[in-house]
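Written out below as structure tokens is the structure these notes cover.
What follows is calculated from the coordinates using simple rules that are stated; it is not laboratory data. Source: prediction; values computed, not measured. No Cβ is skipped: glycine too gets one built from the backbone with ideal geometry, and neighbour counts run over all protein chains shown.
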Amino acid sequence: MKENEERTLILFKPDCVKRNLSGVILNRLLAEGFVLRGIKMMQLDDALLREHYAHILDLVIDGERLFPKLLAFMQSGPVVALVLEGPGVVARVRRILGPTNPQKAEKGTIRGDYGTDSMMNICHASDTPENALIEINRFFAKSEQF
């Protein structure tokens, strides 16, 4: 990896895969000049999701725990995981995706164009360069990163 480059993890969530949008979204990301450094389709298990979402395991919204619904959604179908590389890739991808809640996302952003709600919002993207490295290594073995 070049000195000014960073990497990020992107997950095309089950809603993205089911709606056959993976190619469209990948194309939009690659058109920004990012380099693909890893890609695979996978079914997520409880252990991986508990580790990935450890920061919200006990989060309660409107009197209900969020995690059980998130677990069910993220296991409702396969996801496509990818590693992208480029200058400022973490912040740039988050800008391209738009806010987590698609109703607050502008048209022209991926979530604004394709998302339906805060859970079914097409993609997960790492929020910091430090978290990106942790997340990439959670989803990809070293031998799967190029």
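What does the helix-only formula give at 222 nm for the chain: each DSSP H stretch with n ≥ 4 adding -39500 (n - 2.57), the total divided by the residues, and the result rounded to the nearest 500 deg cm²/dmol?
About -10000 deg cm²/dmol.
By a straight-distance test (C-alpha under 21 Å), which lysines pair with residue 107 as possible cross-link partners, with residues fewer than eight away in the same chain excluded?
Hits, sequence-local ones excluded: 13.
State the Kirkwood hydrodynamic radius of the stretch 41-94 in Å, one decimal place, computed from all pairs of distinct Cα atoms.
13.0
Under the Karplus relation 6.51 cos²θ - 1.76 cosθ + 1.60, θ = phi - 60°, what is the ordered set of whole-Hz ³J(HN,Hα) values for the stretch 110-127, x standing for Gly and Pro?
4, 5, x, 7, 10, x, 10, 7, 4, 8, 8, 10, 6, 9, 9, 9, 4, 9
What length, rounded to one decimal in nm, is gained on full extension from residue 62 through to residue 106, with 0.36 nm per residue of separation minus their alpha-carbon distance?
13.2 nm is the gain from fully extending residue 62 to residue 106.
Given charges of +1 on the Cβ of Lys and Arg and -1 on the Cβ of Asp and Glu, with all other atoms neutral, how large is the dipole of the chain about its Cα centre, in debye to the nearest 20?
Here the size comes out at about 380 debye.
Once you list every other residue whose beta carbon is under 11 Å from the beta carbon of residue 144, what net charge do they have if Lys and Arg are +1 and Asp and Glu are -1?
With Lys, Arg at +1 and Asp, Glu at -1, the net is +3.
Take residue 142 and residue 30, extend 7 Å from each Cα along the Cα→Cβ direction, and tell me the distance between the two endpoints in nm.
Reported label-point gap for residue 142 and residue 30 is 2.8 nm.
Around residue 118, under 14 Å between beta carbons, what's the net of Lys plus Arg minus Asp minus Glu among the other residues?
Once all neighbours under 14 Å are counted, the net charge is 0.
Mind checking which of 88, 139, 114 is farthest towards the positive end of the stretch 76-141's charge dipole, using Cβ charges of +1 (Lys, Arg) and -1 (Asp, Glu) about the Cα centre?
With unit charges placed on the Cβ atoms, the residue in question is 114.
If you average the sequence gap of Cα pairs under 8 Å that are 6 or more apart and divide by the length of the chain, what percent do you get for the contact order?
Reported relative contact order: 37 percent.
Report the antiparallel proportion of the DSSP beta bridges in the stretch 17-146 as a percent, rounded to a multiple of 5.
Bridges in the stretch 17-146 that DSSP calls antiparallel: roughly 90 percent.
Show me, for the stretch 37-47, the HN-Hα J-couplings you get by feeding each phi into the Karplus relation (A = 6.51, B = -1.76, C = 1.60, θ = phi - 60°), rounded to Hz, glycine and proline as x.
Going residue by residue, I get 10, x, 7, 6, 9, 8, 9, 7, 9, 4, 4 Hz, with x marking Gly and Pro.
Could you state the number of Å between the C-alpha centres of the stretch 10-56 and the stretch 131-146?
Going from one Cα centre to the other spans 13 Å.
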